[in-house]
Amino acid sequence: MVVIRLARGGAKKRPFFNIVATDSRNRRDGRFIERIGFYNPMAQGGEVPLRITADRLAYWQGVGAQLSPTVARLVASNNKAAA
């Protein structure tokens, strides 16, 4: 099953997460199919904390990909902020 989840990057105590579509059997930071956005919880000033490519997210959900709980929360908050 394809799942859309966070893959951690960045340095120690400076997390940065890529939002990726991957097979659910792969490791968190392992191989992925496609990168569809990012989440930067440490964003300051003019930096963008969250970016998601909406058309690719819609595509993956259309073919049956499941969102992880954290990504679902981020997408909902992003949609609420945009509206």
Legend entry - Restricting the range 52-80 to residues that are touching a residue at least 40 places away in the same chain (Cβ under 8 Å) and hydrophobic (A, V, I, L, M, F, W, C), the residue that is surrounded by the fewest Cβ atoms within 10 Å (Cβ to Cβ): Val63
Legend entry - Count of residues meeting criterion [surrounded by fewer than 15 Cβ atoms within 10 Å (Cβ to Cβ), of a type in the set (A, V, I, L, M, F, W, C) and not in a loop (DSSP other than H, G, I, E, B)] in the range 1-38: 1
Inset, instruction - Evaluate the following for Glu47: is it among the charged types (D, E, K, R) and touching a Ser or Thr at 6+ places or on another chain (Cβ under 9 Å)? - result: no
Inset, instruction - Can you work out which of the residues in the range 39-66 that are in a strand (DSSP E or B) and closer than 11 Å to Ile4 by Cβ is farthest from the chain's Cα centre (by Cα)? - result: Gln66
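Every number in this text was worked out from the coordinates using simple rules, so none of it is lab data. Everything numeric here is computed off the predicted structure, so don't read it as measured data. When we count neighbours, we look across all protein chains shown, and the Cβ atoms used for this are built from the backbone with ideal geometry, even at glycine.
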